[in-house]
Amino acid sequence: MNKIFKIIFILHLSIFSFLELGNADEEKIKIGLLVPITGDNKDLGQLIIKSTRMALNDIRSNKIEIYPKDTNSNPNKTLQSALQLKEMGIKIVIGPIFYKNLKSLNNVEGMTFLSLTNKTENLPNNVVSSGVNATSQLNAIKKFLESNGFKKTIFLTPQFDFETEVRKSIKESKIKISKHYIYDKEPTKLTAQIEKITNYKIRKQNLADEVKRVENSELVDKEKQLKKLEKKYTIGRVNFDSVIISDFNESLKSVITSLLYTDVSPKQKSIITFNQWFDKSILEDKNIQPIYYPSINNKNLEDFKQKFFKKFNQYPNHLSLLSYDLVGLIYYLSIDNELADLSKMFRKKSSFKGKIGIFDIQNNKINHRLSFYKVENGKIKKIF
């Protein structure tokens, strides 16, 4: 079992008081921060800058400094800013946020980038993916399926650029699924595909045939039987006991609505999705419930939100919490390691605990040990 090191500053900040170093000549821990300061995503960048400031305040050390640089959500601007950080002698950087901005960073030698992306495919050698990736989510879903004895799980994935990432994560997590379907997001095509997956037309015809049989029969309780059949939409079983849908927002709701249309109810077949970040619209839409998904620790997220709001009078997003933890992780690693050696730490197998929860580091990727939640009757319940 891997040894789990706790980032103590997050949980018990007072313990770090003995680490406070007053020697001004000691090497500073310089952390670069690549976020959008200008452009369409500048508000997101400002939230992340504020979260790292809050982390610095909680660490209470004059040993650590953070230097934000603008990416403008543009790969060329990202590379330019990364080179500027390199000229400042910075070796480790939090960011960039978006996967598209990583493509030229392998040209920046001697630096390690802790990107907030959740994509893990074809990363430059000097980039660590720290977002909540598909493998982390499927590891938690796998645990849920196995603990509840599900045997026939189908997997539904939209036809878009995340498809290859999902396929890779299915293989890495070793989750057992009976069949993987790729669906079209266009509503008419989606409905037709769901009808085929659920054998809807056959089940619908089964009902029509049974109604006709009873009508032509001489059963004593014919009228009673017909009234029962009137309440049904289909007759016959579907060939699965659970569904995983790797989708989000309105597209996710469209898939579940199509399942409802084909007489597959969340109350009969367990519907599991990817991390929804406690989306309020899902909480409010009781027609698609119950629904299950993995996510970070909700209580820790809510505590962080309240603390952030108290300090900045606005609420953060989940990337703010992630960047907060990364500052603490870098600080913790720097206590016993030279800054130049930090990049090696992200290739070794180790585990840490932060506000976001426990995360495992290996081969330039961070996997999160996620909690698992059920949304039912407008309420969130933690399963594990």
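The values are calculated or read from the model by the stated rules, or taken from the named source; none is laboratory data. None of these values were measured; they are calculated from a predicted model. When we count neighbours, we look across all protein chains shown, and the Cβ atoms used for this are built from the backbone with ideal geometry, even at glycine.
All conditions but one from (1) touching a helix residue (DSSP H, G or I) at 6+ places or on another chain (Cβ under 7 Å); (2) assigned to a loop (DSSP other than H, G, I, E, B); (3) more than 21 Å from His180 (Cα to Cα) apply to Pro266; the one that does not is (3).
Output the residue which, of all residues in the range 285-302 that are over 19 Å from the mean Cα position of the chain (by Cα) and part of a helix (DSSP H, G or I), is nearest to Ile272 (Cα to Cα). Full working, then the answer.
Filtering the range 285-302 for residues over 19 Å from the mean Cα position of the chain (by Cα) gives 285-290.
Retained after the next criterion (residues that are part of a helix (DSSP H, G or I)): 286-288.
Working: Lys286: 15, Asn287: 15, Ile288: 11 Å.
Here the answer is Ile288.
Can you tell me which residue among Ser246, Ser270 is more than 22 Å from Asn377 (Cβ to Cβ) and touching a residue at least 60 places away in the same chain (Cβ under 8 Å)? Step through it out loud before you land on a result.
Details: Ser270 fails: more than 22 Å from Asn377 (Cβ to Cβ).
That would be Ser246, the only listed residue that is more than 22 Å from Asn377 (Cβ to Cβ) and touching a residue at least 60 places away in the same chain (Cβ under 8 Å).
Residue-level analysis places Asn106 among those that are outside any loop (DSSP other than H, G, I, E, B), modelled with pLDDT under 95 and not acidic (Asp, Glu).
Taking the criterion of being in a strand (DSSP E or B), within 28 Å of Tyr99 (Cα to Cα) and aliphatic (A, V, I, L, M), the residues of the range 140-183 that qualify are Leu156, Ile182. The residues on offer are Phe304, Phe308, Phe346, and the sole one that is closer than 30 Å to Asn122 by Cα, assigned by TED's automatic domain parsing to the domain that holds Gly89, buried (at least 20 other Cβ atoms within 10 Å of the Cβ) and in contact (Cβ under 8 Å) with a residue 12 or more places away in the chain is Phe346.
Results for (1) farther than 30 Å from Gly236 by Cα; (2) within 20 Å of the chain's Cα centre (by Cα), shown as yes or no for each residue.
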{"position": "Val255", "(1), (2)": "no, yes"}
{"position": "Asp263", "(1), (2)": "no, no"}
{"position": "Lys267", "(1), (2)": "no, no"}
{"position": "Ile271", "(1), (2)": "no, yes"}
{"position": "Gly328", "(1), (2)": "yes, no"}
{"position": "Lys344", "(1), (2)": "yes, no"}
{"position": "Ser351", "(1), (2)": "yes, yes"}
{"position": "Gly354", "(1), (2)": "yes, yes"}
{"position": "Gly357", "(1), (2)": "yes, yes"}
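State all residues of the range 311-337 that are outside any helix (DSSP H, G or I) and either on the phi < 0 side of the Ramachandran plot or buried (at least 23 other Cβ atoms within 10 Å of the Cβ) (or both); if no residue qualifies, say none. Steps first, please.
The first filter runs over the range 311-337 and keeps only residues outside any helix (DSSP H, G or I), leaving 313-317, 337.
Across the range 311-337, the qualifying residues are Gln314, Tyr315, Pro316, Asn317, Asn337.
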